[in-house]
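Have a look at the structure below before the remarks.
The values are calculated or read from the model by the stated rules, or taken from the named source; none is laboratory data. Note that the structure is a prediction, hence the values are computed from the model and not measured. When we count neighbours, we look across all protein chains shown, and the Cβ atoms used for this are built from the backbone with ideal geometry, even at glycine. Keep in mind that these areas ignore ligands, DNA and RNA; they rest on the heavy atoms of the full protein, side chains included. Shrake-Rupley method; radii C 1.70, N 1.55, O 1.52, S 1.80 Å.
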Amino acid sequence: MAKRDYYEVLGVARGASGDEIKKAYRQKAKALHPDSNKDNPNAETQFKEAGEAYDVLKDAEKKAAYDRFGHAAFEGGMGGGGGQRGRPGAQGQGDFASAFSDVFDDLFGDFMGARGGGGRPRAARGSDLRYNMRITLEDAFKGLQKTINVPTSVQCNSCDGSGAEGGAEPTTCPTCSGMGKVRAQQGFFTVERTCPTCAGMGQIVQNPCKSCGGQGRVEKDRALSVNIPAGVETGTRIRLSGEGEAGMRGGPPGDLYIFIEVTKHSLFEREEINLYCKVPVSMITAAIGGDIEVPTIDGGRSKVKIPAGSQSGRQMRLRSKGMPALRGGAAGDMFIEMAVETPVNLTSKQKDLLREFEALSEDNNPESKSFFRSVKSFWDSMKG
């Protein structure tokens, strides 16, 4: 029985593009799959026929030979196609699986990582590293330059990162031919797995470097100078590109991420760019008013005027005395919260003076007077 024209099998014109041929084959493969056509005894044959046609027409050289010589291009060794391809029924599952796998790769390869650049896997990128750094609030205010020691993997100097003794170039893996993956056929499908010989690298080292054992990198502590900008806060992340772990066999390094933790301060509490400071004020100063000095985060002092009659919890603002903004902009403010302090350990004379003062202060405590008036009214209502 004469073989059908491959273009006719796929239902495309002779001038069809590669994308048109691929699209037509995908439609045919879906429509003719034996699992979906159990009532059609010819489905499997037509399915294989479509695979044979696509296997030829997808390849530019085979397609050119077929366009010129037809089926004769693959008979009797002509065109390098092999004798089996020209005979009806000789299209085995291996040829079909290769054709179908190309379509599967096109659909899912990018998602599953089945295909890398040019079919050859890239050298493995190094891992990212994390370094936790604790700094004081003063450091966060001013910023600082700090040297840190980071234990990491660095490129092996003995082999220049190649993993081979003397810096020799690795050779192509014979198992996967440099692809990093091997294919195992299961029925009509081809399953790809990571190559067990080269672990997906696509290359093997014949004579591993004695210093790094063929890894192309060694463990070492590195000293890095880190610039911490003013205004950082707990949770700030600083990225140092290329300062992470070295890549396998010359692969690009990862990044180093520094996570900042600002320690608790004994005087100031921070809320974003604002600072809060609770300041004790004597009962006398709170009553008659006066001036006090308060510390500021830059190490200086600021004079604050306490109004007469101030109560605990009253806040006063010192503008631009807070933290600097991390990405520029106006600095925050500092808020002084008063805590009126009651004197303790009084002498007899001090107690007598306070009793005398209290006797003269009936009209000087408006909140107390109002409170006890409300209390008396409450009790009277309960009696009624």
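So which residues in region 188-210 are open to solvent by 70 Å² or more (accessible area, probe 1.4 Å) and either at negative phi or β-branched (Val, Ile, Thr) (or both), if there are any at all?
Selection gives Phe189, Arg193, Thr194, Pro196, Thr197, Gln206, Asn207, Lys210.
Out of Ala53, Ala31, Ala65, Ala13, report the one residue that is farther than 18 Å from Thr190 by Cα, modelled with pLDDT of 85 or more and in a helix (DSSP H, G or I).
Every option except Ala53 fails the conditions.
Within the set of pairs 6 or more residues apart or between chains, which connect a residue that is exposed (fewer than 10 other Cβ atoms within 10 Å of the Cβ) inside region 357-383 to a residue that is modelled with pLDDT under 85 with Cβ atoms less than 9 Å apart?
Every condition considered, the pairs that remain are Glu362/Lys369; Asp363/Lys369.
Do we have any residue at all in region 328-349 that's part of a helix (DSSP H, G or I), open to solvent by 70 Å² or more (accessible area, probe 1.4 Å) and either in contact with a helix residue (DSSP H, G or I) (Cβ under 9 Å, 6 or more places away or on another chain) or in contact (Cβ under 8 Å) with a residue 40 or more places away in the chain (or both)?
no
Mind checking which strands (runs of 3 or more DSSP E) fall wholly inside region 211-314 and carry at least 2 residues that are open to solvent by 60 Å² or more (accessible area, probe 1.4 Å) and in contact (Cβ under 8 Å) with a residue 24 or more places away in the chain?
Result: 217-228, 274-282.
Residues of region 43-61 being among the basic types (Lys, Arg) and surrounded by 19 or more Cβ atoms within 10 Å (Cβ to Cβ), which ones?
Within region 43-61, Lys48 is the sole residue that qualifies.
Restricting the search to region 149-187, which residues are open to solvent by 90 Å² or more (accessible area, probe 1.4 Å) and among the aliphatic types (A, V, I, L, M)?
Met179
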